[in-house]
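Student: After the structure tokens below, expect a handful of questions from me.
The values are calculated or read from the model by the stated rules, or taken from the named source; none is laboratory data. The shown structure was predicted, so the numbers you read here are calculated from the model rather than taken from an experiment. Cβ placement follows ideal geometry from the backbone for every residue including glycine, while neighbour counts extend to all protein chains displayed.
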Amino acid sequence: MNQELEKEVNEQYLNMDLLRFTTAGSVDDGKSTLIGRLLYDSKAIFEDQMDAVQQASLGSGDENINLALLTDGLRDEREQGITIDVAYRYFATPKRKFIIADTPGHIQYTRNMVTGASTANLAIVLVDARHGVVEQTCRHAFIASLLRIQHLVLCINKMDLVNYSEQQFEKIKDDFEDFSSKLDIPDIRYIPISALKGDNVVHKSENMDWYEGASLLYTLENVQIASDYNFIDSRFPVQRVIRPQSDKYHDFRGYAGRVAGGVFKPGDEIIVQPSGLTSKIQSIETLNGPLDEAFPPMAVSLTLEDDIDITRGDTICKPDNQPTVGQDIELMLCWLNEKKIQVGGKYAIKHTTKDARCVVKEIKYKVNINTLHRIEDDKEIGLNDIGRVLIRTTSPLIYDGYKKNKTTGSMILIDEYTNETVGAGMII
Amino acid sequence: MKSYRLTHLKQLEAEAIFIMREVASQFEKPVLLFSGGKDSICMVRLAQKAFWPARLPFPLMHIDTGHNFPETIAFRDKMVEELGAKLIVKNVQDSINQGRVVEEKGPNASRNALQTVTLLDGIEEFKFDAAFGGARRDEEKARAKERFFSHRDEFGQWNPRNQRPELWNLFNGKKNVGEHFRVFPLSNWTEMDVWQYIASEKMDIPEIYFSHDREVVDRDGVLLAKSEFITLQKEEKYETRRIRFRTVGDMTCTGAVESDADTLQSIIQEVASATVTERGGRTDDKRSEAAMEDRKKLGYF
Ligand SMILES: Nc1nc2c(ncn2[C@@H]2O[C@H](COP(=O)(O)OP(=O)(O)O)[C@@H](O)[C@H]2O)c(=O)[nH]1
């Protein structure tokens, strides 16, 4: 390769964006095949991995190479033939790097879907063109909406098995539109594909002239995700106080953290919560030199003009735009553990960089995640259930609604005896 | 409105820095496992960034199999000196001498599996409660489900069914006495990301990553460097080839690739067009398809 071209390729790489997406579907809808194809066609699969898959395919008596085996990770699962946990995969095109959170379609694994969705910009939901929208499709879309994923792509797969029928595609699209009008997802797209044959996955299909939209990969490469962060409401949860205590940096006192919202600049007036102390930003420090501004999701250290008392768990924000400070908090809570939630039970919590404890005061209702109806007469929340819950924390949290800010609006509940993460909460 | 955008590499960097700071705050005695390889070199740079201008709030620990490339060890010592960091070296040879492990026999004997014992002993000796590793999820299938905070029981074992869900950027490092965590800040990086980061940060790496002439023996398609640890079999002979290494494992099992790539840019080109994963050159993973999973369950990195 000549030097010009080499330089161009490298610059392109250094300018790449990042898109995180989840994939969900019922068992056998073709999710593994689809991911295998994306990885394979974007050359994220190497020969030695392919060899191993070929070996395994032969071993299990498949006549074709089974692309799904590229993604079925652990031996336990290979033996059972189901995916039991969230697995992460990576591929890149010249435009973007992609992180796939591959969540299993098995009925009880709402927990995994929520986990995968918590960091995703986009959700791919698969349906089988022969079966159309089923209960699980609705559940997956609901979870995407609950976790406030802004973009959803409904992939209608196995179009080759319905003769690439436009009517079938339109019918499924209508059905889904019916359901999704109840959700809160601003950008929904529909793509007819065949993961097995490759139609509309990477390249536009010649078998579906009637389809005027883009291929799946093109969509993933071009969807606008800039608005997924909040650049308005300034929030900086302090992770750690940095005091070098060396001769050179004798008086240095930096507040290390990751910007959770808004833009911070030197000279900005700030207020620290929960103490209410105020100061101004003196500088934004990094190893590579000071910066003019910091915005999400940058990890920096702030120094202030005044020496005020700040510790891990405090939040630096702006006087004219402050988060809520409070102890009685309502959540949409997804339960992740076999042991049911206990009303009156105490749990440890993690919220931004703060550790606290809480007591569960009340379960308001449980959600039927297939119909979105409220269940008011059964308030037992167990594994994979989602409900609206009121908690009281031992010390004030500095928070926003999840709708406004995913970082300051989310928390996890931890069982104090087993230390397991048992609940995922989104503040209302 | 102005567009605020971070490139993917900057986002990965911010994520890794965030995780390192979480560990330094949530745990009492973290340690960074350092091999002298490119991933752990990146980790050290990220740790510098996370705590600058303070020093690293944890030591580095190298599990030395005794079969390392001398270039790697020289690089390690130079880097640690420049950094002013504390380095702990634990030797697999000591574990062998103490009878804690038994050396493998045969022409393909490797100390790769043995280092697990030395590592766990080291963690116990210093009462470390979190150990940073440079592993990435793209390296191997069994790693695809690994968490950033990977829980290990009191025997150092990893149980794929007993890992905590990780939501948003909330990391749960709570544990019982005797348990510890492995933490992988580079989980979301690919080999390409690591190389690009090294290039963009202008970091030094050991010479063996760059193309050079070296005597190697071709053993079942794997090119092994000449060293005192290799016993030639009948019919085998050393020959000089122009090669480089994609990883810096043990001399007994790290295969070289034939390559003219002698600059970072040319390595990046080579990685971009590579058709075999970097672990493809390692004989330890080839032994069985689930080899990595088995080693992880026992407490491997
Ligand atoms: N005809 C056809 N079969 C498909 C398509 N996608 C997947 N399959 C097949 O459907 C079965 C289930 O696919 P798999 O990817 O394992 O489904 P998963 O359970 O959702 O991961 C396999 O036999 C695939 O070969 C498709 O687009 N067309």
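Student: Working carefully through the options A:130, A:89, A:139, A:148, find the one that is within 10 Å of chain B (Cβ to nearest Cβ) and of a type in the set (Lys, Arg).
Tutor: Result of the check over A:130, A:89, A:139, A:148: A:89.
Student: Could you list, in sequence order, the residues of the stretch B:26-38 that are crowded, with 21+ Cβ neighbours inside 10 Å and of a type outside the set (S, T, N, Q)?
Tutor: Filtering the stretch B:26-38 down to residues crowded, with 21+ Cβ neighbours inside 10 Å leaves B:26, B:30-38.
Within the stretch B:26-38, B:30, B:31, B:32, B:33, B:34, B:36, B:37, B:38 meet the criteria.
Matching residues to (1) away from every other protein chain (no Cβ under 12 Å); (2) under 30 Å from residue A:176 (Cβ atoms); (3) assigned to a strand (DSSP E or B); (4) in contact with a Leu (Cβ under 6 Å, 6 or more places away or on another chain):
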residue	(1), (2), (3), (4)
A:343	yes, no, no, no
A:350	no, no, yes, yes
A:361	yes, no, yes, yes
A:365	yes, yes, yes, no
A:370	yes, yes, no, no
A:382	yes, yes, no, no
A:388	yes, yes, yes, no
A:396	yes, no, yes, no
A:423	no, yes, yes, yes
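Student: Separate question: In the set B:152, B:143, which member is of a type in the set (D, E, K, R) and within 11 Å of another protein chain (Cβ to nearest Cβ)?
Tutor: On the way: B:152 fails: within 11 Å of another protein chain (Cβ to nearest Cβ).
Result of the check over B:152, B:143: B:143.
Student: Among the candidates A:234, A:246, A:180, A:194, single out the residue that is more than 12 Å from every other protein chain (Cβ to nearest Cβ) and either surrounded by fewer than 14 Cβ atoms within 10 Å (Cβ to Cβ) or within 16 Å of the ligand (Cβ to nearest atom) (or both).
Tutor: It is A:194.
Student: Would you call residue A:256 more than 22 Å from the chain's Cα centre (by Cα), away from the ligand (no atom under 16 Å from the Cβ), in contact (Cβ under 8 Å) with a residue 12 or more places away in the chain and crowded, with 20+ Cβ neighbours inside 10 Å?
Tutor: yes
Student: Given the conditions (1) at pLDDT 90 or above; (2) within 11 Å of chain A (Cβ to nearest Cβ); (3) crowded, with 18+ Cβ neighbours inside 10 Å, and given that residue B:201 satisfies all but one, which numbered condition is not satisfied?
Tutor: (3)
Student: Quick test for you: out of A:29, A:17, A:41, pick the one residue that is away from chain B (no Cβ under 11 Å), modelled with pLDDT of 85 or more and touching a His at 6+ places or on another chain (Cβ under 9 Å).
Tutor: A:29
Student: Is there any pair linking a residue in the stretch B:57-80 that is without any contact (Cβ under 8 Å) to a residue 24 or more places away in the chain to one that is of a type in the set (Asp, Glu) and assigned to a loop (DSSP other than H, G, I, E, B), with Cβ under 9 Å and at least six apart or on different chains, and which?
Tutor: From the stretch B:57-80, the pairs are B:78/B:204.
Student: Here is a follow-up. Cβ-Cβ distance below 6 Å, separation of 6 or more or different chains: which pairs start in the stretch A:144-168 with a residue that is within 16 Å of the ligand (Cβ to nearest atom) and end on one that is assigned to a loop (DSSP other than H, G, I, E, B) and of a type in the set (Val, Ile, Thr)?
Tutor: Here the result reads A:155/A:193; A:157/A:193, each pair linking the stretch A:144-168 to a residue that is assigned to a loop (DSSP other than H, G, I, E, B) and of a type in the set (Val, Ile, Thr).
Student: Looking at B:109, B:54, can you tell me which residue is out of contact with any helix residue (DSSP H, G or I) (no Cβ under 8 Å at 6 or more places or on another chain), over 17 Å from residue B:201 (Cα atoms), in a loop (DSSP other than H, G, I, E, B) and at the interface with chain A (Cβ under 9 Å from one of its Cβ atoms)?
Tutor: Details: B:109 fails: at the interface with chain A (Cβ under 9 Å from one of its Cβ atoms).
It is B:54.
Student: Let me ask you something else. Looking only at the stretch B:1-14, how many residues end up being of a type in the set (D, E, K, R) and under 19 Å from the mean Cα position of the chain (by Cα)?
Tutor: Summing the residues that are of a type in the set (D, E, K, R) and under 19 Å from the mean Cα position of the chain (by Cα) in the stretch B:1-14 gives 1.
Student: Can I ask one more? Identify all residues within the stretch A:109-132 that are farther than 25 Å from residue A:215 by Cα and of a type outside the set (Gly, Ala, Ser); write none if there are none.
Tutor: Correct list: A:109, A:110, A:111, A:112, A:114, A:115.
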